[in-house]
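The values are calculated or read from the model by the stated rules, or taken from the named source; none is laboratory data. Keep in mind the model is a prediction, meaning the values are calculated, not measured. Positions of Cβ are generated from backbone atoms using ideal geometry, with glycine treated the same way; all protein chains shown enter the neighbour counts.
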């Protein structure tokens, strides 16, 4: 009778099946083979990267960019575990890898080869490597799948792959060299990107830390359609729109990406080794243009849309001095349209003492009272004073609309965060016209920020964009079809 009962799978068979179904499970079980002396510290970002890599196999997208800080397992996941996992169910797949340093490319190739040749792997998938094609930089399995490593700049003559994977193509110390960046970008365009065995089904993956606005990530995002997974070391708000519906699960500003591995002390240590530009690029994945130009003119809709206003907000950046050297008080009037874009109706600025500033806030609130949903005032020294005074002196309808805004990051960071929505076409400026006399001066300030003489109007602008970013996100996702049933 016992012979008629189905045999239960062994522990090895269960593990084998789990690993084949999930790259993340494969990483968990194979870790001890690749890094026997290092404790595996799992984290949501590891599973997210695995999910994105799996999506390339399903055909959800064929061009993938992953921006992530150094030492967050990017090379191990993509260069070592990923090809070994793919071969567990598709052993004929061919991989072509490239990195700026040939020694780094060979290092990862060796780790991948050691994993595949390990007893653990062979006992589960029986995939020997060909003895006559088993080198540090190239090896082939008996099913004709191969993994080849080249250095950036190498010709890769005659070589191709079903997967073209580029890992850190540019040295950090070369980031500000036009010649070095142009060399890498040209090499990618004219050499490595043409090596897909089948351009209609092949996959291209770039994984790197950001180094410059025109590094290979910036270059490719300008040229074509790429899926982007952007994971800064410290959370700064929504940075990308995922076609998979994935969202960075962090909620708090500056929340760490992998706090079990890189706690606050470790991140501060990394920051101490980097310049301000290095922190912005390598850790936060938002390279700061050395010459400014955080906002670009061609991002903005430069036309007036005669559409219904669903809400209006006035954003104030306040200063209390009329001296020649003092900053100005500035307000930005922004209107939310039916499709959840933001139209900038007016920008005002002047040097005002306290009584004049109080009167001006009331004046603008009355002027734009129709559909007015909030008067946003930065809760800093002068802003706190004006908020407290208005709460006592303003009409009740205005007092109820006062919104203290407490920034959690510096002005440059706020500008970068706001610029993401501008780049997505979520913010509109009016066309040049007599009814918008403020436009020229505002554009002159914002398009040269942070090197502009005055920054107050840009600060007020960033404040209202970030305050309304949930609306902007919802509108953008609807326009591009994400989240539709």
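Before moving on, here are some points about what is shown:
- Residue within the stretch 381-393 that is in contact with a helix residue (DSSP H, G or I) (Cβ under 9 Å, 6 or more places away or on another chain), over 17 Å from residue 314 (Cα atoms) and part of a loop (DSSP other than H, G, I, E, B) present: no
- Looking across the stretch 118-171, the residues that are assigned to a loop (DSSP other than H, G, I, E, B), in contact (Cβ under 8 Å) with a residue 12 or more places away in the chain and either over 31 Å from the mean Cα position of the chain (by Cα) or not assigned by TED's automatic domain parsing to the domain that holds residue 220 (or both) come down to 118, 127, 128, 136, 137, 142, 143, 144, 145, 159.
- The number of residues in the stretch 126-138 that are at pLDDT 95 or above and surrounded by 14 or more Cβ atoms within 10 Å (Cβ to Cβ) comes to 2.
- Among residues that are surrounded by 18 or more Cβ atoms within 10 Å (Cβ to Cβ) and in contact with a helix residue (DSSP H, G or I) (Cβ under 6 Å, 6 or more places away or on another chain), residue 210 is included.
- Taken together, the criteria exclude residue 409 from residues that are assigned to a strand (DSSP E or B) and either in contact (Cβ under 8 Å) with a residue 24 or more places away in the chain or closer than 29 Å to residue 277 by Cα (or both).
- Some residue of the stretch 239-258 being outside any loop (DSSP other than H, G, I, E, B) and touching a helix residue (DSSP H, G or I) at 6+ places or on another chain (Cβ under 9 Å): yes
- Residue 460 vs. criteria in the same structural domain as residue 408 (by TED's automatic domain parsing) and surrounded by 17 or more Cβ atoms within 10 Å (Cβ to Cβ): yes
- Selection over the stretch 38-80 of residues that are crowded, with 21+ Cβ neighbours inside 10 Å and over 19 Å from the mean Cα position of the chain (by Cα) gives a count of 2.
- Pairing residues of the stretch 323-336 that are in the same structural domain as residue 439 (by TED's automatic domain parsing) and more than 17 Å from residue 374 (Cβ to Cβ) with residues that are at pLDDT below 75 and crowded, with 18+ Cβ neighbours inside 10 Å, at Cβ distances under 7 Å and at least 6 apart in sequence or on separate chains, gives no pairs at all.
Residues checked against (1) modelled with pLDDT of 95 or more; (2) part of a helix (DSSP H, G or I):
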{"site": "3", "(1), (2)": "no, yes"}
{"site": "6", "(1), (2)": "no, no"}
{"site": "14", "(1), (2)": "no, yes"}
{"site": "17", "(1), (2)": "no, yes"}
{"site": "26", "(1), (2)": "yes, yes"}
{"site": "31", "(1), (2)": "yes, yes"}
{"site": "42", "(1), (2)": "yes, no"}
{"site": "51", "(1), (2)": "yes, yes"}
{"site": "56", "(1), (2)": "yes, yes"}
